[in-house]
Amino acid sequence: MPMEKKSPIYTILVGGAAGDGAKEAAINFGRLAAKHGYEFFLSVEYPSLIRGGHNYARVSISSKKVFCDSAELDAVVALNDETVEKHRSEIKKGGMIFLDSAEDAGKKGLINIPASAWVKEENLPRLFRASALLGAVCRYYNFDIVELNNIFKEIFGEKAGPNILLAKKGYEFLQSKNVQQVFLPRRKCAGKMVLDGNEAFSEGLVKAGLKNYFGYPMTPSSSILHYLAKKAKEYKLKVVQPENEISVINMALGASYAGSRTAIASTGGGFALMLEAMAFAGVAEIPIVVVDAQRASTSTGVPTRTGQGDLDFVRHLPGEYPRIVLAPGDADEAYLIAGAAMNLAWKFQSPAVVLLDKHLSESVSTVDLQTNKVKIENPKIAGNGAAYRRYAFSPDGVSALAFPGEKGKVVKISSYEHDEDGYICDGVENAKKMCEKRFAKTKGIVVERKKYDSIKIYGDKKAKNAVIFWGSVKGPMLEAMRAVKRPYKAVQIVWLEPFDTDRFLKEIKGVKKLVIAENNFTGQLAKLIREKTGVEIKNKILKYDSLPFDVRELAKKLDKIF
Amino acid sequence: MIDFSTKAKNTWCPGCTNFSILAAFKNALNDLAGEGYSKDNFVMVAGIGCHGKIPDYVDINSFMSLHGRDVASAEGIKAGNPNLTVVSFAGDGDAYAEGMEHLVHAAKRNANITLFVHNNQVFGLTTGQVTPTSPKGYRGRSTPFGSPEEPLNPLAVLLASGATFIARAWALDPDKLKEIMKRAVKHKGFSIVDIIQPCITFSDTRAHFKDKVFYLDQNWPTNDWSKAMQKIRENSDKVPLGVIYEINKPVFEEQL
């Protein structure tokens, strides 16, 4: 394909046992490519254990934005023999294996590097082997070893010495063997920022004024907690890990009531524990951003893999109040959606739910955070004067906010149905009016939606074929576009609730064949679309084996349908 | 005297001992306001149950939480704005059944909040079921043949969990209750006051406790953990009242 020629994709896979540092080495290769002006996308694959098992990370680099890593490998970096056995068949013709082995190199397509021997000589832990292999790969792609050393210095500071030493050994070893290099020229553009989806999401929260974060560990949401905890001092955040998810959300609602912008995250199981308090936030009109970073399968499920099984769930939480459910498709969107969710939560005094998933949360890529698009937007704040009424009726359903500690104001909130002052009220007329007040906010939310991309369109906008998707399916979907025989229009649903029915119908008008692609069994977005629009999408490509879509596999399925 | 009364119509049973707790709290608030505590900075939190209506009867900021979650809410409010004085109310069902894990951890992390437990050893609002502090053999609608469970000793659990202020009070002595409440609010760190309270409708223990309660001696060593534990667990016919334990430790919010 012409596009392929202009901006080829190179993919390397780094594999080893858990604890070998395969993921970090792959990210550092991505960072190295980024420093040379390349873009990359990296996904990680690991079982739920701490030592042993087979871990690998795949990183695809290109001069153009990469939306998903490829399964066709140019190089395999193997920290154990198992990696070679498992991935040999995925290597392209002319590809290369870099293996930690003391045997003499000799075979075509295989370079043995005595990394284990080197770390032993230097009396270093085995974790450092990865740096030796990375040094060799740096040479192989003709990247600048100085940049690799800079990466080590950025991460380890004064303790970068052993990494630099081993990378140099690997680099020089390859040099001495006269291995044919793959020449990747340094591109004349600034190295982009490197973040995973959860980190980009966290940055968006902070830009939108996050002050308190509460989280209980659960993969794949945990790295939001880790990232914000690490950044807490720098960003002046309070980050707390309470005793369980029930405490997470109840503490968070308390912090919000006190006037502090607050977010929480979990995955399906942990989120399920929060439901009583979600309804509380709904009735008491407490702003909060709540993330469900989905994992594969059901219940404890497949903790370290990806899925999209919670859309039905988060749309149907207990009670009735206006729903806000948003789903970004990549790290850049995660940043924007974090800001949108925070501002929506505060403007409309409501929970705002964001769906992430493992493939989005933990995949690492170069990003272009649109920092000018995220800011703290002011909610409706109560002035001084008349006695404060927390739930004062107003045509838009939004009562002005005040916070405890403000002079002369009494701020009363309640999980009971309440009157305008926040006192318990079981009056029949009041129950009706309060319910209508809360739902009056929907109109404002829908108006607000116009400021955002509720639905995004990619590819051939006039194509007779269209594919609908949401969340991290975006990556494989955009990459599959380069591989399919017939062009298609790709329609990404970003705002799941409130769903943009008019826009959706406009976008599919004239489309002959509609296909939906989701990482679940029941086609949950298809159900949502049928519910909201009456449109039934019969062609469904559903993947529920715990892995994200493979680009080639997806392209093949699309070719078959179109 | 500041008027803390509100427009809300009180819906407790006539003669409910909650009225005494409410009066003691309002008097404590009034005193504290005179001692430099700002009325605007007070937040009262409550769970769900008969006690849970108390925020409606006091004209200050309030957060009517969920059943059992009041302590988590209170910790969050304090974390959100550490300048606030956060006082939580709970019932024995709230605190010691549904929400026990929050108490244990709030004590462990020494969150600077105060908890008043309306401990009447029965579920009132749901009409008389057994709670964790009901005596063995308690007959209620869910245990018509008598509860087979031994009651929980919540103060022993909380002392073991690291609480830095532990007191017990008697609802029918509002003057003493007020003084204990004030001390608890002034304590920097997690403070709990277990308020023994008859429920005149479902568990009228007025006669049972009348001669059993007594106040600890003025010279009681409040900083001695072992003595406190011994006193809390004492298997006697008497129920000691007053501040049983108080020490200073760094508070949670200041270390965030």
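What is the residue count in the range A:388-446 for residues that are within 13 Å of another protein chain (Cβ to nearest Cβ), part of a loop (DSSP other than H, G, I, E, B) and under 26 Å from B:Arg69 (Cβ atoms)?
23
Conditions tested, residue by residue: (1) touching a helix residue (DSSP H, G or I) at 6+ places or on another chain (Cβ under 9 Å); (2) small (Gly, Ala, Ser); (3) not assigned by TED's automatic domain parsing to the domain that holds A:Val551.
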site: A:Gly52; (1), (2), (3): no, yes, yes
site: A:Ala75; (1), (2), (3): yes, yes, yes
site: A:Arg88; (1), (2), (3): no, no, yes
site: A:Met96; (1), (2), (3): yes, no, yes
site: A:Ser116; (1), (2), (3): yes, yes, yes
site: A:Phe128; (1), (2), (3): yes, no, yes
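Can you name every residue in the range B:159-203 that is within 16 Å of B:Ala95 (Cβ to Cβ) and of a type in the set (D, E, K, R)?
B:Arg168, B:Asp194
If you take the residues in the range A:164-188 that are of a type in the set (A, V, I, L, M) and within 11 Å of A:Arg139 (Cβ to Cβ), which one is surrounded by the most Cβ atoms within 10 Å (Cβ to Cβ)?
In the first step, residues of the range A:164-188 are kept if they are of a type in the set (A, V, I, L, M); the result is A:164-167, A:174, A:179, A:182, A:184.
The next check asks that each one be within 11 Å of A:Arg139 (Cβ to Cβ); those that pass are A:167, A:174, A:179, A:182.
Working: A:Ala167: 28, A:Leu174: 21, A:Val179: 16, A:Val182: 15.
This residue is A:Ala167.
Of the conditions (1) crowded, with 21+ Cβ neighbours inside 10 Å; (2) farther than 16 Å from B:Thr114 by Cβ; (3) of a type outside the set (Ser, Thr, Tyr); (4) within 11 Å of chain A (Cβ to nearest Cβ), B:Cys16 fails just one. Which one is it?
With respect to (1) crowded, with 21+ Cβ neighbours inside 10 Å; (2) farther than 16 Å from B:Thr114 by Cβ; (3) of a type outside the set (Ser, Thr, Tyr); (4) within 11 Å of chain A (Cβ to nearest Cβ), B:Cys16 is out only on (4).
Anything in the range A:367-387 that is under 30 Å from A:Ala34 (Cα atoms), outside any loop (DSSP other than H, G, I, E, B) and touching a strand residue (DSSP E or B) at 6+ places or on another chain (Cβ under 7 Å)? List them, or say none.
Here is the first cut: in the range A:367-387, the ones under 30 Å from A:Ala34 (Cα atoms) are A:367-375.
Retained after the next criterion (residues that are outside any loop (DSSP other than H, G, I, E, B)): A:367, A:371-373.
Of everything in the range A:367-387, just one residue is under 30 Å from A:Ala34 (Cα atoms), outside any loop (DSSP other than H, G, I, E, B) and touching a strand residue (DSSP E or B) at 6+ places or on another chain (Cβ under 7 Å), namely A:Val367.
How about the range B:180-252: which strands (runs of 3 or more DSSP E) wholly inside it have at least 3 residues that are surrounded by 16 or more Cβ atoms within 10 Å (Cβ to Cβ) and either over 20 Å from the mean Cα position of the chain (by Cα) or in contact (Cβ under 8 Å) with a residue 24 or more places away in the chain (or both)? Outline the logic, then answer.
Working: elements: B:191-196, B:213-215, B:239-246.
Filter on the range B:180-252 gives B:191-196, B:239-246.
Give the residue, chosen from A:Val374, A:Val353, that is within 30 Å of A:Ala26 (Cβ to Cβ), surrounded by 20 or more Cβ atoms within 10 Å (Cβ to Cβ) and away from every other protein chain (no Cβ under 14 Å). Full working, then the answer.
Details: A:Val353 fails: within 30 Å of A:Ala26 (Cβ to Cβ).
Exactly one of A:Val374, A:Val353 is within 30 Å of A:Ala26 (Cβ to Cβ), surrounded by 20 or more Cβ atoms within 10 Å (Cβ to Cβ) and away from every other protein chain (no Cβ under 14 Å), namely A:Val374.
Which of the residues spanning the range B:142-179 are of a type in the set (Ser, Thr, Tyr) and either within 20 Å of B:Pro132 (Cβ to Cβ) or without any contact (Cβ under 8 Å) to a residue 60 or more places away in the chain (or both)? Don't jump to the end; show me each part of the working.
Our first condition is that a residue be of a type in the set (Ser, Thr, Tyr); within the range B:142-179, this holds for B:142-143, B:147, B:161, B:164.
Residues satisfying the conditions are B:Ser142, B:Thr143, B:Ser147, B:Ser161.
Out of the residues in the range B:49-85 meeting the condition of being among the acidic types (Asp, Glu) and at the interface with another protein chain (Cβ under 8 Å from one of its Cβ atoms), tell me which one is farthest from the chain's Cα centre (by Cα).
Step one: filter the range B:49-85 for residues among the acidic types (Asp, Glu), giving B:56, B:59, B:70, B:75.
Then keep just the ones that are at the interface with another protein chain (Cβ under 8 Å from one of its Cβ atoms); that gives B:56, B:59, B:75.
Numbers: B:Asp56: 18, B:Asp59: 20, B:Glu75: 15 Å.
Among those residues, the one meeting the criterion is B:Asp59.
Go through the range A:329-339 and count every residue that is in a helix (DSSP H, G or I) and either under 18 Å from A:Glu448 (Cβ atoms) or of a type outside the set (A, V, I, L, M, F, W, C) (or both). Even if it seems obvious, please write down each step before you answer.
Narrowing the range A:329-339 to residues in a helix (DSSP H, G or I): A:331-339.
Add one more test, that the residue is either under 18 Å from A:Glu448 (Cβ atoms) or of a type outside the set (A, V, I, L, M, F, W, C) (or both), and what stays is A:332-333, A:335-339.
Residues in the range A:329-339 being in a helix (DSSP H, G or I) and either under 18 Å from A:Glu448 (Cβ atoms) or of a type outside the set (A, V, I, L, M, F, W, C) (or both): 7 in total.
Taking into account only those residues within the range A:263-288 that are more than 9 Å from every other protein chain (Cβ to nearest Cβ) and touching a Lys or Arg at 6+ places or on another chain (Cβ under 8 Å), which is nearest to A:Ile424 (Cα to Cα)?
My answer is A:Val283.
What are the pairs, 6+ residues apart or on separate chains, where a residue within the range A:232-255 that is without any contact (Cβ under 8 Å) to a residue 60 or more places away in the chain has its Cβ under 7 Å from a residue that is of a type in the set (Asp, Glu)?
Going by the 7 Å Cβ cut-off, the qualifying pairs are A:Glu243/B:Glu101; A:Asn244/B:Glu101; A:Met251/B:Glu75; A:Gly254/B:Glu75.
All but one of (1) within 14 Å of chain B (Cβ to nearest Cβ); (2) part of a strand (DSSP E or B); (3) surrounded by fewer than 21 Cβ atoms within 10 Å (Cβ to Cβ); (4) not acidic (Asp, Glu) hold for A:Tyr458; which doesn't?
(1)
Listed here are the residues, each with its yes/no results for (1) touching a residue at least 24 places away in the same chain (Cβ under 8 Å); (2) assigned to a helix (DSSP H, G or I).
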| site | (1), (2) |
| --- | --- |
| A:Leu127 | yes, yes |
| A:Val137 | yes, yes |
| A:Phe143 | yes, no |
| A:Glu147 | yes, yes |
| A:Lys153 | no, yes |
| A:Glu158 | no, yes |
| A:Asn163 | yes, yes |
| A:Gly170 | yes, yes |
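Spot the failing condition for A:Lys211; the list is (1) surrounded by fewer than 21 Cβ atoms within 10 Å (Cβ to Cβ); (2) within 14 Å of another protein chain (Cβ to nearest Cβ); (3) among the charged types (D, E, K, R), and only one is missed.
Single failed check for A:Lys211: (1).
Looking only at residues that are in contact with a strand residue (DSSP E or B) (Cβ under 8 Å, 6 or more places away or on another chain) and outside any helix (DSSP H, G or I) in the range A:548-562, which one is surrounded by the most Cβ atoms within 10 Å (Cβ to Cβ)?
Here is the first cut: in the range A:548-562, the ones in contact with a strand residue (DSSP E or B) (Cβ under 8 Å, 6 or more places away or on another chain) are A:548-549, A:554, A:557-558, A:561-562.
Remaining after also requiring outside any helix (DSSP H, G or I): A:548-549, A:562.
Values: A:Pro548: 28, A:Phe549: 25, A:Phe562: 19.
Looking at residues that are in contact with a strand residue (DSSP E or B) (Cβ under 8 Å, 6 or more places away or on another chain) and outside any helix (DSSP H, G or I), I get A:Pro548.
Would you tally the residues in the range A:233-262 being acidic (Asp, Glu), more than 7 Å from chain B (Cβ to nearest Cβ) and farther than 19 Å from A:Ala293 by Cβ?
1
The values are calculated or read from the model by the stated rules, or taken from the named source; none is laboratory data. Fair warning: this is a prediction, and the values are worked out from it, not measured in the lab. Please note: Cβ atoms are built from the backbone with ideal geometry, for glycine as well, and neighbour counts cover all protein chains shown.
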